[in-house]
Amino acid sequence: QVQLVESGGGLVQAGGSLRLSCVASVSILSINNIGWYRQAPGKQRELVAIIFSGGSTGYADSVKGRFTISRELAASTVTLQMNSLKPEDTAVYYCRGLRGSSMYWGQGTQVTVSS
């Protein structure tokens with residue numbers, strides 16, 4: 001069983017920055033990949049950024065150049081640094097881990113970007 005706990009959401013003005021953290025209850029090296037997803041009201045949940053156990057990363061086109069996903073192995077933490085935020089980035093952000101064939105989700109953290 002893997003538990004994921006997100007933190008760092010909040011309210012920020014357009015152009016500002018936020019840093020989200022996802023802390024895992026196990027070593028993140030034992031997790032195949034960890035992704036940040038978001039879901040805005042009335043929209044489907046979408047993948048924002050992902051980091052694999054080998055360290056490679058991937059991003060949605062909408063956030064490339066603005067968001068950075070990284071990890072701190074000793075702290076079992078995956079971080080999403082979000083810069084140049086836009087109102088359309090407003091959503092609940094979720095951390096998702098895939099370990100073997102099992103998928104685990106955090107509880108989500110709200111990000112609101114005001115114009």
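Among the residues making up the range 76-100, those that are modelled with pLDDT of 95 or more and among the small types (Gly, Ala, Ser) are Ser76, Ser84, Ala91, Gly97. Across the range 82-102, the qualifying residues are those that are open to solvent by less than 10 Å² (accessible area, probe 1.4 Å) and part of a strand (DSSP E or B), and the one among them that is farthest from Leu20 (Cα to Cα) is Gly97.
Residue by residue, here is whether (1) part of a strand (DSSP E or B); (2) under 20 Å from Leu85 (Cα atoms) holds:
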position	(1), (2)
Trp36	yes, yes
Pro41	no, yes
Ile50	yes, yes
Gly55	no, no
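Results for (1) closer than 19 Å to Ser101 by Cβ; (2) surrounded by fewer than 21 Cβ atoms within 10 Å (Cβ to Cβ), shown as yes or no for each residue.
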{"site": "Ile28", "(1), (2)": "yes, no"}
{"site": "Val48", "(1), (2)": "no, no"}
{"site": "Ser62", "(1), (2)": "no, yes"}
{"site": "Leu80", "(1), (2)": "no, no"}
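Any residue that is at positive phi and assigned to a strand (DSSP E or B) - is there at least one of those in the range 9-22? Yes, that holds for at least one residue. Within the range 57-71, being of a type in the set (D, E, K, R), touching a residue at least 12 places away in the same chain (Cβ under 8 Å) and not in a strand (DSSP E or B) holds for one residue alone: Arg66.
Here Trp105 clears all of (1) open to solvent by 50 Å² or more (accessible area, probe 1.4 Å); (2) farther than 13 Å from Trp36 by Cα except the condition numbered (2).
The values are calculated or read from the model by the stated rules, or taken from the named source; none is laboratory data. Computed from a predicted model, the values in this text were never measured in an experiment. Counting neighbours? That spans all protein chains shown, and the Cβs are built from the backbone with ideal geometry, glycine included. For the accessible areas, the whole protein counts, side chains as well, though only heavy atoms, and no ligand, DNA or RNA atoms are used. Shrake-Rupley method; radii C 1.70, N 1.55, O 1.52, S 1.80 Å.
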